[in-house]
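Novice: Starting off with a structure, shown below.
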Amino acid sequence: MKKVIFILLPFFSNSARWYLANPWSRDKIKQESTIYPQYNASMITTPEYISDGGHYYSQKISADNNINAVSKGNSLPEDFGKENYSQYTSLKNQRQKNNLRRCVQRKRVKNSGTKENRTSYGRFLEVFEVVEFDHLPCKSSSGLDGTCVHEFDCRKNGVQFTCDTRSATPTGWFTNDGFPLPSYERLSCTVTFDKVWPDVKQIRLDFLSFEMLPPTFGNCERDQFIITGQNINNIIPILCGINTGQHVYIEVGNAVGPINISIQTVTTDNRLFAIKVTQLRSTHPLAAPTGCLQYHLKPQGYLESFNYRDTSEIVFGKTSSYLNNLNYAICIQRSPDACSTTYTNVGSMQIVNFDFDNLPIIPPRQAGVEIYNCPSDWLLIAAVRLCGDRLNDGSTIQDFSLDAPVVDDGVGPIVIWFRTDSVYTGRGFKLSYQQNSCSNERICIFVSNPE
């Protein structure tokens, strides 16, 4: 026959449980219970006792013993006068009236358990709180922007990647070792990304810093920035040179992955790069139309060819030129009230074309228009090929030695194409664009003259 033993445990408050869990407290309870057997553990773990480290009940026990002695006809001890008795009475009344707290009450952000598992242990765990804070946008001391998280989460999620790492985070930074200082080593560096969600459509790369060795006659031979693993029909050019401030989109909607971003160099020279990597679903505000290598979301801004900049703080032997074998689209998000876009040359434009005798087709400091002037290297704006050293489509100014604004008033997506051959390269282009409101457009109304 089995014996069932029932054990009755006294109920302890949360503060009492905390007090009993403390080793010092257990020793104190044992000591007090031995000296004063008339007070059990449940008395010693009351809030009054806990709040002042046991001093209250030590005074109470000592005073009660003396009071009992007086009631039995014995005299008070010499060290227990009326002043001590008054202090004891005052202290007792004060403790009974006050609702003592061990810490400042704070708004509970998140309970430590659900309704189903709030047992007696759950009540004990309610002493602890899950502290959360807003994950707000912020910027690090090295200039990298992102979302503020705890240091543990930052290290766990791997939001800053260096060579030979793998990640599946929505946003992160691919940097050289020691950033924001440059790296002087020969690099064979690859970072691998897995889709954080199955329906990731694109990956956007923002070049906060991108300073590598320049191309040689339009080809990236010494330094190469290579992307692989994207959609089979998404061609990403190999990049090098100075591309700080640029960005590119990688189409990965039909790719299983992983996607690899690699930097390969053949010499030991200064290089600096910090590239923000953002995975995008189709509903993301940054998501671009399919096929756009670059996508500008503002109603006005600048368009710049790769490796156009001629200044660098770390790269020696800087040569500004666009790259060979380019064929990509630059897209602009159309504003809701925009009916046209105006493009203006704001840099030293140079898009070159040569004939079969290796002679320039366009004279120096002249604008070229359409296929006879621009057979191989050209910008396509408003369905018109443009090249040469000036930006002028001839629609407003017939002097092609002058720059003139080019206006695209076509409907639909705003797209500019840039294409180059594999032989000759020039400086490139830097254009400003401005979307024009429909209310500012000049509307012409043609009225037929009835006979």
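Novice: Within segment 308-321, does at least one residue satisfy the condition of being polar (S, T, N, Q), touching a strand residue (DSSP E or B) at 6+ places or on another chain (Cβ under 7 Å) and assigned to a strand (DSSP E or B)?
Specialist: no
Novice: Quick one: would you say Gly257 is in a loop (DSSP other than H, G, I, E, B) and at pLDDT below 95?
Specialist: Yes, satisfied.
Novice: Mind checking whether some residue in segment 373-385 is farther than 25 Å from Tyr249 by Cα, in contact (Cβ under 8 Å) with a residue 12 or more places away in the chain, buried (at least 19 other Cβ atoms within 10 Å of the Cβ) and in contact with a helix residue (DSSP H, G or I) (Cβ under 9 Å, 6 or more places away or on another chain)?
Specialist: no
Novice: Could you say whether any residue in segment 303-315 is closer than 29 Å to Ser395 by Cα, modelled with pLDDT under 95 and crowded, with 17+ Cβ neighbours inside 10 Å? Break it down into steps so the answer makes sense when it comes.
Specialist: Step one: filter segment 303-315 for residues closer than 29 Å to Ser395 by Cα, giving 303-306, 308.
Remaining after also requiring modelled with pLDDT under 95: none.
Checked segment 303-315: no residue is closer than 29 Å to Ser395 by Cα, modelled with pLDDT under 95 and crowded, with 17+ Cβ neighbours inside 10 Å.
Novice: Between a first residue in segment 404-418 that is surrounded by 16 or more Cβ atoms within 10 Å (Cβ to Cβ) and a second residue that is modelled with pLDDT of 95 or more and of a type in the set (Lys, Arg), which pairs have beta carbons less than 9 Å apart while being 6 or more apart in sequence or on different chains?
Specialist: Ala404/Arg390; Ile414/Arg334
Novice: Right, something else. Do we find that Ile259 is out of contact with any helix residue (DSSP H, G or I) (no Cβ under 7 Å at 6 or more places or on another chain) and either at positive phi or surrounded by fewer than 18 Cβ atoms within 10 Å (Cβ to Cβ) (or both) in this structure?
Specialist: Numbers: out of contact with any helix residue (DSSP H, G or I) (no Cβ under 7 Å at 6 or more places or on another chain): yes; either at positive phi or surrounded by fewer than 18 Cβ atoms within 10 Å (Cβ to Cβ) (or both): no.
No: the conditions fail for Ile259.
Novice: Which of (1) surrounded by 21 or more Cβ atoms within 10 Å (Cβ to Cβ); (2) closer than 20 Å to Ser209 by Cα does Gln294 not meet, given it meets every other one?
Specialist: (1)
Novice: Would you point out the residue of segment 336-359, among those that are closer than 19 Å to Asn325 by Cα and either surrounded by fewer than 17 Cβ atoms within 10 Å (Cβ to Cβ) or without any contact (Cβ under 8 Å) to a residue 60 or more places away in the chain (or both), that is farthest from the chain's Cα centre (by Cα)? Break it down stepwise before answering.
Specialist: Applying the first criterion (closer than 19 Å to Asn325 by Cα) to segment 336-359 yields 349-356, 358.
Filter again for either surrounded by fewer than 17 Cβ atoms within 10 Å (Cβ to Cβ) or without any contact (Cβ under 8 Å) to a residue 60 or more places away in the chain (or both), leaving 354-356, 358.
Details: Phe354: 45, Asp355: 49, Phe356: 51, Asn358: 49 Å.
For segment 336-359, the residue satisfying everything is Phe356.
Novice: Name the residues in segment 224-258 that are among the charged types (D, E, K, R) and within 13 Å of Phe306 (Cβ to Cβ), would you? Don't jump to the end; show me each part of the working.
Specialist: As a first pass, look at segment 224-258 and keep what is among the charged types (D, E, K, R): 251.
Of everything in segment 224-258, nothing turns out to be among the charged types (D, E, K, R) and within 13 Å of Phe306 (Cβ to Cβ).
Novice: Do you know which residues across segment 197-219 are in contact with a strand residue (DSSP E or B) (Cβ under 7 Å, 6 or more places away or on another chain) and either at pLDDT below 95 or farther than 14 Å from Gln279 by Cβ (or both)?
Specialist: Filtering segment 197-219 for residues in contact with a strand residue (DSSP E or B) (Cβ under 7 Å, 6 or more places away or on another chain) gives 200-213.
Once the filter is applied, which keeps residues that are in contact with a strand residue (DSSP E or B) (Cβ under 7 Å, 6 or more places away or on another chain) and either at pLDDT below 95 or farther than 14 Å from Gln279 by Cβ (or both), segment 197-219 yields Phe207, Leu208, Ser209, Phe210, Glu211, Met212, Leu213.
The values are calculated or read from the model by the stated rules, or taken from the named source; none is laboratory data. Only a predicted model underlies this, so the values are computations on that prediction, with no experimental measurement involved. Note that we place each Cβ from the backbone using ideal geometry, even for glycine, and neighbour counts take in every protein chain shown.
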